[in-house]
Every structure is written in C-alpha cells, then in structure tokens.
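Chemist: Dropping a structure here in structure tokens format, bear with me for questions.
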Amino acid sequence: MTLKGIDIFKLTPKTNCKDCGIPTCMAFSMKVAQGGITIDKCPHLSDDALKVLGAATEPPMKLIKIGNASAGNELSLGGETVLFRHEKTFISKTLYGVTVNAENIEAKLADVKKIDYERISERMYVELINIAYTGNTTAYLDAVRTALSAGRTLILDVKDPDAAAAALEIARDNKPLLNAADESNYQAMSELAVKYGVALGVSGATPDSLYDTVRAVEGLGNKNIVIDVGAVSIKDAFARAVQIRRAALKDGDHSCGYPSLVNTAALAPNDSYMQTALASLFTVKYGSIVIMDSVSYAQALPLFGLRQNLFTDPQKPMKVEPGIYPINSADENSVVATTVDFALTYFIVSGEMERSGVPVNLLISDAGGYSVLTAWAAGKLSAGTVAKFIKENNIEGKIKNRNLIIPGKVAVLKGELEENLPGWKIIVAPNEAVALTKFLKELKV
C-alpha cells in the first residue's frame, strides 16, 4: 500500500491490534491512503515513520487557523485539495472582511454589525476586520482596541515592526492575522508572528519577489503563512491567485501551498460595485480572504449566497430545517401550506408567497433535501409523511386553520391526505411557483 511512493504497510506494525479503532493494520493503511484517517491515530508508529508519513499525507495547500478557538471565533483557511468544486468538496470557505482605519472605524464597525443573519442554518456575517496602518502608531493602537469590541477576528495590516509589535500585544488573545511581511521586513515580522503564535501575511512587489519572500520565511522555520496577492492591478492580482493555487495543487509546489488574501478595497478604491464584482470573482478563483471597503445588505445577500452554494458538498443537497415558517406575519388563523426542505424550492416558494402579501403558515417537513417530484418518487413526500409531520409537531395544537395547500405537482396526494387528516381541507396549488402570488390573492377559504 503506497502513498506518494511510500509503502505505508512497511511502516506500520504487523500485529492485528485495535488501538486505533480499526481491526487490522492493512485496513488502517488503506484508510490512510484514501484520506479517511490521519496517520497519527496509530499509537505504534515510530517518530521517524510519523515524520515521513505526516509530510506525505499533508494536503497540497496547508490548513491555516486564525482567530481565538477558546472564544469560539477560530476560522479556517486553505486545506484545499482540488481546483474545482465538481472534483471534490472544497474545505474552507472564503472569508469576508471590511477594511477600517483610525478615522472611520466607529462608523464602519456599526455597519459591520448590521450584517448578521442566518440562511439555511448558516450564520452570514462579516468575519474579519482589516485595520490599515496610516502612519500614526497611537491612533492605530486605539483603532485596534476599538475593533476588538466588535467580536470579529482582526487582520493587522501594518508594515512597521514597532507598530505591529504593539498591536499584537493588545490583540494577542484575538489571534489576528498579521498581514505585514514583504521582502524588506520579513525577518522581523516572522519573529513577531512566531512570538505571538499568529499567522503571517506575506506580500511582494512582483511574483518572483513574493515567491522568494515566502521561501525565505519558510527558511526561518515559519510555515504559518497567508499569501497577499497584492494590489498592483486587478489583472495581476487575479493572475497571482490562480497561479498560486495551480502551482500548489497541480505542480506540488509547497511554497505556493498557502491560502490567499485579496484586498479589493485596494484594487478598486471607492468603487463598491467593482469591489462586489471582484469579491464574487475571487470567491470563485481563489481568495481565501476577500477584503472590501464595506458590506451592505445589497452586497451581502448575493455574495454570501454565492459562497454558500460554492462551499457546500455537491453530493449533499442544501436543506432548510423542518418546521413552521410564518410568511407575511401569519398567525394561528392563517392558511397552511407545505412543501419540501430543498433550499432552492423553499426560497422560490416563500418568495412568491411573500409577494402575494397573504399570511401563510408554510410547513417544511424532512424530504431528504429533494425537490418536490424527486421527493415524491423517492417516498420522502407522501400523504403519510405530511400527516406524520403535522401530528408529531402538534400543528393542530398550534394552528387553528384547517386549510392545507399542497404543491400542484403532487395533486395525486389530495385524496389520501384527506383520509389521513380528518377535518382538513386539502387545496392543490398551481404547478409552478410563479403562479402562487395570483393564486393566493384569489384564494377563498
């Protein structure tokens, strides 16, 4: 059993132990080769074997952690193994940040706190605050103290070693990203990053100088790195982001195997529309961190939706939680409707219901994340499952209205539902969601 030319089985003991939870060493070796378990789970491997295999089993892009784990604010960057989502699930989602400085921090933090909502069981918020150094160390340190109150992970964007050291002393518990190193100061900045146990952002004026600086930082023994693609131009930043990712994943160049940071606020200053477009571009290709001047709801809704679609397992459908979803301030006397838990179906149906202005209690039952017809064909949506959901969740005790609207494409369930739900009137909706608005407005019950 080989992994990158190394015979795993030769390095594992030949006894059939169960200390790792796997009956035989051959089975253990196979799981390691397939990426299903880490090599350190075997208690019998020597330090030399662990060192050899540990390096061989590392992903081509290193997984970097920033933020305070004990405070529940730890964030993951990198760890990717493929270039495209259809090849395999991406590991770490793109993180979004807002850049601030000493002059505008109060107003910008207030705006950041407004973007915090839930979509399909995932919290959508601005994860990072990028604090830009403008030359005044005292003001910069005050900005760092203020930013800590926002409860977000910080990025210290500062090239001055003294200012960086003072800022790290203040924010050390936050475990910020120190985006500070370039060809002129990498040694001092790497020492600071290692001292405070934080990741180091590395930049370079040219692709060659960037690569050489990363190699130099690695030579100091520091591999806790994030690569800043720079702000020379949009074209240059995009080229660097793609080249870095391809060099790591396709060519196996570990000096490129680090997450990337893209500052769209520097690439398109004072242009929120361009920054939003660039943020979407670098969410797809290949920014681990994307920084903007600000994030409004108009920007967040499509941008965070794009990210969620991209960074979910393509083999697992996106689902909403089963439950009662009141639409248009529905109460216990409002009509009841039901559909499946497939996220796309939910958003389309609920959107059309909201447009109608008619109060509706929308029931979402567990249908395996399938669309209406697929769920019906798979037996996940039937008269029995709908009736069971209504009874198990005490819907009749929570809602007085006994009119139930079902999807038009499963009109065949009407008769059986009337048998399973005595006292309920079953109403068949139109086949297409776009017709729901008119249907609800004209519904007489």
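Chemist: Do we have any residue at all in segment 376-387 that's aromatic (F, W, Y), more than 18 Å from P322 (Cβ to Cβ) and without any contact (Cβ under 8 Å) to a residue 40 or more places away in the chain?
Modeler: No, segment 376-387 contains no residue that is aromatic (F, W, Y), more than 18 Å from P322 (Cβ to Cβ) and without any contact (Cβ under 8 Å) to a residue 40 or more places away in the chain.
Chemist: Something else now. Among the candidates V82, V112, V144, single out the residue that is within 16 Å of I291 (Cα to Cα) and of a type in the set (V, I, T).
Modeler: The unique qualifying residue is V112.
Chemist: How many residues does segment 127-146 contain that are over 21 Å from S76 (Cβ atoms) and not in a loop (DSSP other than H, G, I, E, B)?
Modeler: Residues meeting the conditions: 12.
Chemist: E432 - would you say it is more than 33 Å from the chain's Cα centre (by Cα), open to solvent by 20 Å² or more (accessible area, probe 1.4 Å) and modelled with pLDDT under 95?
Modeler: no
Chemist: Right, here's the next one. Given the structure, is Y286 part of a helix (DSSP H, G or I) and either in contact with a Ser or Thr (Cβ under 8 Å, 6 or more places away or on another chain) or open to solvent by 50 Å² or more (accessible area, probe 1.4 Å) (or both)?
Modeler: For Y286, the condition - part of a helix (DSSP H, G or I) and either in contact with a Ser or Thr (Cβ under 8 Å, 6 or more places away or on another chain) or open to solvent by 50 Å² or more (accessible area, probe 1.4 Å) (or both) - is not met.
Chemist: Is it true that some residue in segment 315-338 is surrounded by 14 or more Cβ atoms within 10 Å (Cβ to Cβ) and either of a type in the set (D, E) or farther than 24 Å from P407 by Cβ (or both)?
Modeler: no
Chemist: Still on this model: Quick check on segment 132-160: of everything there that is small (G, A, S) and at pLDDT 95 or above, which residue is farthest from the chain's Cα centre (by Cα)?
Modeler: The residue in question is A139.
Chemist: Restricting to segment 258-274, give me the number of residues that are open to solvent by less than 10 Å² (accessible area, probe 1.4 Å) and of a type in the set (S, T, Y).
Modeler: 3
Chemist: Are any residues in segment 210-237 more than 29 Å from D271 (Cβ to Cβ), open to solvent by 20 Å² or more (accessible area, probe 1.4 Å) and in contact with a helix residue (DSSP H, G or I) (Cβ under 9 Å, 6 or more places away or on another chain), and if so, which ones?
Modeler: Across segment 210-237, the qualifying residues are Y211, R215, A216, E218, L220, G221, K223, N224.
Chemist: Could I ask something else about it? Only one of (1) surrounded by 14 or more Cβ atoms within 10 Å (Cβ to Cβ); (2) not in a loop (DSSP other than H, G, I, E, B) fails for P302. Which number is that?
Modeler: It fails just one condition, (1).
Chemist: On the given criteria, is G151 assigned to a loop (DSSP other than H, G, I, E, B), open to solvent by 10 Å² or more (accessible area, probe 1.4 Å) and closer than 20 Å to D228 by Cβ?
Modeler: Judged against the criteria, G151 is not a match.
Chemist: I would also like to ask the following. If you take the residues of segment 306-351 that are assigned to a loop (DSSP other than H, G, I, E, B) and hydrophobic (A, V, I, L, M, F, W, C), which of them is nearest to the chain's Cα centre (by Cα)?
Modeler: F311
Chemist: Starting from segment 182-196, take each residue that is under 21 Å from R172 (Cα atoms) and list its partners that are open to solvent by 90 Å² or more (accessible area, probe 1.4 Å), counting only C-beta distances under 6 angstrom and pairs at least six apart or across chains.
Modeler: If the second residue must be open to solvent by 90 Å² or more (accessible area, probe 1.4 Å), the pairs left are Y196/R172.
Chemist: Oh, and also: When the residues of segment 400-425 are filtered to those that are more than 21 Å from I324 (Cα to Cα) and more than 41 Å from the chain's Cα centre (by Cα), which remaining residue is least open to solvent (accessible area, probe 1.4 Å)?
Modeler: G415
Chemist: To continue, here is another question. List pairs: first in segment 244-272 and in contact (Cβ under 8 Å) with a residue 60 or more places away in the chain, second acidic (D, E) and open to solvent by 10 Å² or more (accessible area, probe 1.4 Å), Cβ under 6 Å, 6+ apart or cross-chain?
Modeler: L261/D228; A265/D293
Chemist: Kindly indicate the residue of segment 158-181 that is open to solvent by 40 Å² or more (accessible area, probe 1.4 Å) and in contact (Cβ under 8 Å) with a residue 40 or more places away in the chain and also nearest to L75 (Cα to Cα) among those meeting that condition.
Modeler: Looking at residues that are open to solvent by 40 Å² or more (accessible area, probe 1.4 Å) and in contact (Cβ under 8 Å) with a residue 40 or more places away in the chain, I get K175.
The values are calculated or read from the model by the stated rules, or taken from the named source; none is laboratory data. Bear in mind the structure is a predicted one, so any value in this text is a computation, not a measurement. Neighbour counts are summed over all protein chains in view; Cβ atoms, including those assigned to glycine, are modelled from backbone coordinates with ideal geometry. Areas reflect the complete protein model, heavy atoms only, side chains present, ligands, DNA and RNA absent. Shrake-Rupley method; radii C 1.70, N 1.55, O 1.52, S 1.80 Å.
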